[in-house]
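These notes concern the structure reproduced below.
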Amino acid sequence: MDENKKLLITGVSGLLGNNIAYYLRDQYDILGLYYMHPIQLKGISTQACDLSNTEKLSRIVDKFDPDIIIHCASLTDIDACEKDQTITWEVNVKCTKHIVEQIGRSTTKLIYISTDAVYDGEKGDFSEQDETRPKNYYGRTKLQGEIEVLKLKNSLVFRTNIFGWNVQNKESLGEWILHALKDGKQINGFTDAFFASIYTFELGRIIDMSLQKDLKGIYNGSSGDSCSKYDFALKIADRFGLDPKLIEPISIKDFGFRAERSWNLSLNVEKLSHALNYRLPTVNYSIDAFYRDYCSGLHERLKSEQISYPKRNGFISYGGQWIDDDDIASVVNVLRSPWITQGPKVEAFEKALAEFCSTKYAVAVNSGTSALHIACLAAGIGDGREVITSPNTFVASANCVAYCGGVPVFADIDSETYNIDPIQIQGRINKNTAGVIPVHFAGQSCEMETISEIVSKAEDRQSSKIWIIEDASHALGSVYKGTKVGSCAYSDMAVMSFHPVKHITTGEGGAVLTNDETLYRKLKRIRSHGITSTTEEFIYRDQAGSLRVPRNSETVNPWYYEQIELGWNYRITDIQCALGLSQLKKMKQFIRRRKEIVRKYRQAFQGIDSVTIPYERPDGNSNFHLYVLMFDFEKIDISRAQLIRELRQGGIQTQVHYIPVHTQPFYRENFKTRWGDCPNAESYYERCLSIPLYPAMTEADVEKVIREITRIAI
Ligand SMILES: Cc1ncc(COP(=O)(O)O)c(C=O)c1O
């Protein structure tokens, strides 16, 4: 029996990629690549791949060795593409180029899914010979993608417009109309915008036929006829037995789109029809097929076959990890290896982390809290010496000082940035000050340049060291004045946390970064009982081996180690570090996704009187660990507790970051702190609420959060 041909589909979590994979899975051996949204369909393999990562793409293509690639991955939101042109170019053009380069001179066939938006929409009935004149950035990038693809002689381009069943919580036009009408909602339909939309499974059939005939070149691959978007909505209402009166006829000119639209995108499909000897389906036929599949429950089957990690069952937590197949495979590989702790992955993770932050050294430990503790120990904090930190943080930023016998001192925050105020630090420095722990709240860097200047001047005055330990638990990937947070450009050490709500996770975990070799060695020792196996660090060298003054490990007794100070067991496992390594590779995607969500939040909330959105420093680039809204609860006439409960009932979790640490009973009892010590942090606390923000949020999640908060806050 012949083996199935191998088909690689990019954008397999998107509407078309997914539906085509489903349609073709019996005929082909399929590998689907997704960017951020893990999916699995029975009978096909899927894998995460950022197509801009040429190395990874190349590995996948070499290994899978596909006969055919269907390149569906693309940014398609026309207005978002107009706004974020850099990302759109990267995804729609550069990634397409990468795929073309991968194929090179091989015989792999490339099918590129292009769009009707390459035409200007002026005359309608466009044939492939007509001049292309895209009206918006989306159309321009797709056209450039075509140019790249057509450099390969064997390639095939379909200009199309599709509707169908999404597996993710997104809606194609057909689904949007159907759901709105079913909910009895009034919708608008453009009477003067024409298109030739085709049902995804019908396009799947056409792609399959084109492969049998080995078509090459450019084809219009849409419905054989066209209709206005208003008529399209009416047809759906008619087929599904829904109320057509809910559809309001309007003109596209009355609608304020950001990007210009082509208004008549009816396509001439004669070329394809002739090449396949097949009459392309009409819009009515496509809607019939859409309806039949709905009745057979296909739309639900598609969703139920999907696997994502973790399954959240509709609940939107305030934060949470992103774990995909690559992460799982990395962990499983370690579990199958001889080293599950104290092995090579720990060092590899530390090296990768230091590189990522542009620092010399990283010491990974089992939590951010342990990292803060060993940083304080390495700095020699203790004996009642004071360390200044922010009240607007998790208790660990201050607890680490108390662990060592030091005294945490709280300096108030700046009301605009919610970060520790350098002037307040200055006012609290005295002869007994041993350190400062600035916390980069929510991912936005503190004013580190000013802090380090204040500290240097104080050091000169009192001629003793004042350590700066950045609590960068929120800020992996953030940038401050052109330097990466974690690079220790303005500090002695920086601490990261890898708890699941943070940017990357190792389950639990943390790290200390430093450029100082002496600190690095000390941190490594304290992480593991204060023990060293490094010859140069031995105190009793004569006990170490047969030679009196051992200079290198070969002369040292193989069993020998020394405990030269008191340390802890704060070691992290190789299992965790394998996960960390795999997560770190996705940082660019993680931050990009967080920023996309923040853009939507900013747009939605900035005009609302009762809500203040976070300030963003012009000289920094936050990674957006948290998105904190400040509410005027009096104005909206609802308490914060009621708001939190109401949102939770609707399936949305929010969180308060933070109860000022100096108001905690432990601090009031042991360090004589009081309400009133830090008025800015206290009044911030009265009004703040962190809303959900993490890469695994779907578009529908984001929209739901916006909808619910806007409903309550307006
Ligand atoms: C600012 C800050 N510092 C330290 C920590 C402690 O990190 P971990 O939970 O990894 O111990 C956290 C954790 O949430 C934090 O938010």
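Readers should treat all values here as calculations from the given coordinates under stated rules, not as data from a laboratory. Since the model is a prediction, treat every value here as computed from it, not as a measurement. Cβ atoms come from the backbone with ideal geometry, glycine included; neighbour counts cover every protein chain shown.
On a 0 to 90° scale, report how tilted helix 229-240 is relative to the longest principal axis of the chain, with both axes built from alpha carbons and the result rounded to the nearest 10.
90
Do any trypsin sites (Lys or Arg not before Pro) in region 136-174 lie in a DSSP loop with no more than 10 other beta carbon atoms within 10 Å, and if so, which?
Of the trypsin sites (Lys or Arg not before Pro), the ones in loops of region 136-174 whose Cβ has at most 10 other Cβ atoms within 10 Å are 153.
For the chain, how big is Rg over Rh, using alpha carbon atoms and the Kirkwood form of Rh?
Working: Rg = 29.5 Å, Rh = 28.5 Å.
A ratio of 1.04.
Taking the Cα centre of the chain as origin, work out the dipole magnitude from +1 charges on Lys and Arg Cβ and -1 charges on Asp and Glu Cβ, in debye rounded to 20.
So the magnitude is around 760 debye.
What span do the alpha-carbon atoms of region 279-433 cover on each of the three principal axes, reported in whole Å from largest to smallest?
86, 49, 28
Once every Cα of region 512-647 carries one equal point scatterer and solvent is ignored, give the base-10 log of I(q)/I(0) from the Debye formula at q = 0.12, 0.13, 0.15 Å⁻¹, two decimals.
Result of the Debye calculation: -0.76, -0.81, -0.92.
Convex hull volume of the Cα atoms in region 83-232, per residue, in Å³?
So the per-residue Cα hull volume is 140 Å³.
Need one number: convex hull volume per residue for region 379-535, Cα atoms only, in Å³.
On the way: hull volume 19.4 nm³, N = 157.
Enclosed volume per residue, from the Cα hull, is 124 Å³.
If one takes the longest principal axis of the Cα atoms in the chain, at what angle in degrees, from 0 to 90 and to the nearest 10, does the Cα axis of helix 54-64 lie?
Taking the Cα atoms of the chain, the angle to 54-64 is about 60 degrees.
Compute the convex hull volume of the Cα atoms of region 590-646, divide it by the residue count, and report the result per residue in Å³ as a whole number. Don't skip to the end; give the middle numbers.
Values: hull volume 5.8 nm³, N = 57.
Given the Cα convex hull of region 590-646, per-residue volume reads 101 Å³.
Given q = 0.16 Å⁻¹, what are the Debye log10 I(q)/I(0) values for region 16-89, with equal point scatterers placed on the Cα positions and solvent ignored?
-0.66
So how do 132, 506, 534 line up by other beta-carbon neighbours within 10 Å, fewest first?
Listed from fewest to most nearby Cβ atoms, that is 534, 132, 506.
For region 1-84, which trypsin sites (Lys or Arg not before Pro) are both in a DSSP coil and crowded by at most 11 other Cβ atoms within 10 Å?
Working: sites: 5, 6, 25, 42, 56, 59, 63, 83; in loops: 25, 42.
Qualifying residues, ordered by number: 42.
Quick one: angle between helix 517-527 and the longest Cα principal axis of the chain, in degrees between 0 and 90, rounded to 10, please.
Around 90 degrees separate the two axes.
Tell me, what HN-Hα J-couplings in whole Hz come from the Karplus equation 6.51 cos²θ - 1.76 cosθ + 1.60 at θ = phi - 60° for each residue of region 262-276, using x for Gly and Pro?
Karplus-based 3J(HN,Hα) across region 262-276 equals 8, 9, 10, 10, 6, 10, 8, 10, 4, 4, 5, 4, 5, 5, 9 Hz.
In square nanometres, what is one fourth of the surface area of the convex hull spanned by the alpha carbons of region 145-190?
With the hull built on Cα positions only, its mean projection is 5.2 nm².
Taking the inverse of the average 1/r across all pairs of different Cα atoms in region 164-295, what Kirkwood radius in Å do you get? Mind dumping the intermediate values first?
On the way: mean 1/r = 0.0631 Å⁻¹.
One decimal place: 15.8 Å for the Kirkwood radius.
Of all DSSP beta bridges in the chain, what percent run antiparallel (nearest 5)?
If I count the DSSP bridges inside the chain, around 35 percent turn out antiparallel.
Calculate the translational D of region 122-161 in whole µm² s⁻¹ from Stokes-Einstein, where the hydrodynamic radius comes from the Kirkwood formula applied to all Cα pairs, the temperature is 37 °C and the viscosity 0.692 mPa s.
Translational diffusion coefficient: 288 µm²/s.
I need the chymotrypsin sites (Phe, Trp or Tyr not before Pro) found in region 205-263, filtered to DSSP loop residues with at most 12 other beta carbons within 10 Å of theirs.
On the way: sites: 219, 230, 232, 240, 255, 257, 263; in loops: 255, 257, 263.
Taking region 205-263 and a limit of 12 other Cβ atoms within 10 Å, the loop chymotrypsin sites (Phe, Trp or Tyr not before Pro) found are 255, 257.
In what sequence do 404, 488 fall when counting other Cβ within 10 Å, fewest first?
Ordered by Cβ neighbours within 10 Å, fewest first: 404, 488.
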